[in-house]
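Since every read-out is calculated from the coordinates, none of them should be taken as a lab result. Owing to the predicted nature of the structure, the values given are computational and were not obtained by experimental measurement. Virtual Cβ from ideal backbone geometry, glycine too; neighbours counted across all protein chains shown.
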Amino acid sequence: MVQISPIVRQATPVIVEQAEGNWILGTDGVRYLDFTSGIGVTSTGHCHPRVVEAARKQIGSVIHAQATTVMHKPLLELTEKLGDYLPENLDSVFYANSGAEAVEGALRLARQATNRPNIIAFQGGFHGRTSGASSITTAGTKFRNSTVPLMGGVVIAPFPYAYRLGMTEDEAVRFALRELDYIFATVTSPHEAAAFIIEPVLGDGGYLPVPVEFLRGIEERARKHDVLVIVDEIQSGVGRTGEFWAHTRAGITPDILITAKGIASGFPISAIAASTELMAKGLPGSQGGTYGGNAVAAAAAIETLNVIKDEGLVQNAAERGAQLQAGLKRLQERFPVIGDVRGLGLMQAIEFTGDDGEADAATAAAVQQGAVSEELLLLPCGPLGNVIRIVPALTVNAEEVELAIERLERTLEKVTSAAAVK
Ligand SMILES: Cc1ncc(COP(=O)(O)O)c(C=O)c1O
């Protein structure tokens, strides 16, 4: 019998029969509260009726209008609509299928446009599993192992992970910016640096909001040395953090913005945005692919953006995010294994640490797995496996947030009492 490869690891044993909103019905007949949203993808919830209808309608008119052969209306409409949200300077967009492809596209564009070789990424960052993307990914060695030789011209700079460093946020930012300047003196001179790439909230690397002063420090150095700033909003974008884009809280102006995941509620599409001037410096024909900017995915993306606007989901993410974080902080007071609670909007996390201050991956794994028995789906993250991320759809309501906290509390009770018995 042919089976799914064990290379693809599944965080839960659930097989989905049907899904709606923040709920997944398993083939086991259990209704699970889904606080994973398919890793931050189902922004409007599973199978939002308006998104379903838009995709259905599109399927009946054209499915695949290959975008480098013929243009199609959904892509033109999506591009115009994105203009309502993109930073003003980013007036040119092209499309791909996945986050990693968008990362590859952004790196290629940055190198072509600047004629410089080096990319500066940050420790703990996650940008995908394709060759170039994994070369700038340090959210875990598992993403890099056995892909050697990695892409050249990559410099990994320290990240101001204050909790881990045992520093205040200000101290961590000062430390990381100082090291960044040192990198310009020791590893790559600024005139060989094409771009910085950073997620405004580190995703797989542990759900770490980047301190605004760090984002500003990067931008300051970028402007001084003509280095581009690429913001990877693949996970943090499209309302997830309670603002449409997570970088705006720092008031920085990216040169390239990439996004995917939540933009189409589960249909595969990603976007790479830059100024027309910058795009003009890229080599025509060097970007694009067979499926990039698929018509059905584009139609789903348009309706996703409509729903986000009409249902006030960015505001909901801010409000429900505050409620979720308050609930997690209450749990932290009760359960000392929770060392840190952090996040922005509906991108929240709890980090488990032992009495010695060291990462407690065993407890994190027991909680994430134990939550399944409480009919709550959660995801692990962080290079050391000791972080759980809590990432419901932007449509989540107050009752669902409270229910998730209750189920998480019951899971923590069981896991910590089992540990005490041992
Ligand atoms: C910030 C970020 N960049 C890039 C990627 C890669 O996206 P994909 O898995 O669609 O290739 C991810 C996926 O989790 C991500 O979170």
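Some values worked out for this structure:
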{"quantity": "Hits in region 63-94 - residues which are in a loop (DSSP other than H, G, I, E, B) and touching a Gly at 6+ places or on another chain (Cβ under 6 Å)", "calculated": "Ala67, Thr68"}
{"quantity": "Tally of residues being assigned to a helix (DSSP H, G or I) and in contact with a Phe, Trp or Tyr (Cβ under 8 Å, 6 or more places away or on another chain) across region 285-315", "calculated": "7"}
{"quantity": "Ala273 within 16 Å of the ligand (Cβ to nearest atom), touching a residue at least 40 places away in the same chain (Cβ under 8 Å), assigned to a helix (DSSP H, G or I) and out of contact with any Asp or Glu (no Cβ under 6 Å at 6 or more places or on another chain)", "calculated": "no"}
{"quantity": "Those strands (runs of 3 or more DSSP E) lying entirely in region 316-407 with at least 1 residues buried (at least 17 other Cβ atoms within 10 Å of the Cβ) and small (Gly, Ala, Ser)", "calculated": "338-344, 347-352"}
{"quantity": "Odd one out for Tyr207, checked against (1) more than 30 Å from Ser43 (Cβ to Cβ); (2) touching a residue at least 24 places away in the same chain (Cβ under 8 Å)", "calculated": "(1)"}
{"quantity": "Options Val70, Val30; residue that is in contact (Cβ under 8 Å) with a residue 60 or more places away in the chain, more than 16 Å from the ligand (Cβ to nearest atom) and more than 18 Å from the chain's Cα centre (by Cα)", "calculated": "Val30"}
{"quantity": "Residue count, region 310-344 (criterion: of a type outside the set (A, V, I, L, M, F, W, C) and over 23 Å from the mean Cα position of the chain (by Cα))", "calculated": "6"}
{"quantity": "Within region 112-219, helices (runs of 4 or more DSSP H) holding 1 or more residues that are within 18 Å of the chain's Cα centre (by Cα) and within 14 Å of the ligand (Cβ to nearest atom)", "calculated": "131-135"}
{"quantity": "Criterion violated by Ile258 - all others in (1) in a strand (DSSP E or B); (2) touching a Leu at 6+ places or on another chain (Cβ under 7 Å) satisfied", "calculated": "(2)"}
